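First comes the structure, then the notes that go with it.
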Amino acid sequence: MSSFYSGSFFASIAIFLLLSTHIYVKEVHAAGECGKTPISNAALSLSACLGAVQNVRAKVSPACCSRVSVLLRNSPKCLCAVFLSPLVKQAGINPAIAITIPKRCNIRNRPAGKKCGKYTLP
């Protein structure tokens, strides 16, 4: 088994476990960066991006690009909130790599140059 596969598999399992145990944590259902959608649900919608967030040179799947594009169009602040969320960090995802996905997908309407925490969207 290659190290990429095992790392990607581990990240998938970690995110699944974190999201499935998240139901036991009380959530605030007020409008936030992702509207009324909990950040955990927004993060789960980006599960097609798991392979791309581990390595900046990894190919980004069309499914990932499609989901990121929709999220950017509907709520760019939500995408940033997902990338910076404790849930994503606990899953071992590096926000510095995750933030490159819109550019790697060649999304034309991405907010290049905008800040997302300490990161700047390329």
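The values are calculated or read from the model by the stated rules, or taken from the named source; none is laboratory data. Just so it is clear, the model here is predicted, and its values are computed rather than measured. Neighbour counts run over all protein chains shown; Cβ positions are idealised from the backbone, glycine included. Each accessible area value is taken on the protein alone, full model and side chains, heavy atoms only, with ligands, DNA and RNA left out. Shrake-Rupley method; radii C 1.70, N 1.55, O 1.52, S 1.80 Å.
Assorted remarks:
- Lys26 vs. criteria surrounded by fewer than 17 Cβ atoms within 10 Å (Cβ to Cβ), modelled with pLDDT of 85 or more and farther than 17 Å from Arg110 by Cβ: no
- Matching entry among Ser85, Ser45, Ser40, Ser66 (being open to solvent by less than 40 Å² (accessible area, probe 1.4 Å), more than 19 Å from Thr120 (Cβ to Cβ) and at pLDDT 90 or above): Ser40
- Candidates Ser75, Ser85, Ser66, Ser61, filtered to the one that is among the hydroxyl-bearing types (Ser, Thr, Tyr) and in contact with a Cys (Cβ under 7 Å, 6 or more places away or on another chain): Ser75
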